[in-house]
Amino acid sequence: MRDLNEVLDLQLRLPVGGKTYVVTPPPAAVAARLMNRLTIGMVVDAGLDVDDDLREQAVIHDDNTDFAADCLGPVLQQMTDDGLAKAQIDFCVTVAFLAWTVGRDYAEQWWETGGKVGRPQGADSLVARPRTATPTPSAEASTTPTSASASGTKTTRRKQPQDRKARAASTRGPSTAT
């Protein structure tokens, strides 16, 4: 087999101002941290309750260079040294974040539309929403009180325990003892 790096092109190429910046994928631990941030952000966006500490992890602060470095790696320093505008760097950070979490196709769409693309397909399925009970036809039919219970509650009678001899006799049928 060929080397995996020959088979897969995992590098992200970001052309800015006549120069192409080549961003390599983050190490597995950093990628997991980025995915965690995406998931928490989606939960927050869905309006579900999130612990304040988790919510803080999902917030991207203006001075959050750790997040930018997680997304761009050493390319962040190259962009800074080349004098790119903060808006350009932020856009590249977002594209890299999307590439490493949602996927390259969506990241490229984001790039090509200047960030004017809808939510990624299947994003809603990443967040478990609270289920609402949908009554089934049989459940709707059972809501009418029966004559046994005017309150609409259902009670079941508990079987009375039988002694062993009586139970054994009932399973064998009538006794033919003489």
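The values are calculated or read from the model by the stated rules, or taken from the named source; none is laboratory data. Being a predicted model, the structure only gives us computed values, none of them experimental. When we count neighbours, we look across all protein chains shown, and the Cβ atoms used for this are built from the backbone with ideal geometry, even at glycine.
Details
- Contact annotation: residue pairs with Cβ atoms under 7 Å, 6 or more positions apart or on different chains, pairing a residue in the range 29-47 that is closer than 15 Å to residue 66 by Cα with a partner that is crowded, with 16+ Cβ neighbours inside 10 Å and aromatic (Phe, Trp, Tyr), are 31/100; 34/97; 34/100.
Per-residue answers, yes or no, for (1) at pLDDT below 95; (2) in a loop (DSSP other than H, G, I, E, B); (3) touching a strand residue (DSSP E or B) at 6+ places or on another chain (Cβ under 9 Å); (4) under 24 Å from residue 119 (Cβ atoms):
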{"residue": "6", "(1), (2), (3), (4)": "yes, no, no, no"}
{"residue": "14", "(1), (2), (3), (4)": "no, no, yes, yes"}
{"residue": "44", "(1), (2), (3), (4)": "yes, no, no, yes"}
{"residue": "66", "(1), (2), (3), (4)": "yes, no, no, no"}
{"residue": "69", "(1), (2), (3), (4)": "yes, no, no, no"}
{"residue": "78", "(1), (2), (3), (4)": "no, no, yes, no"}
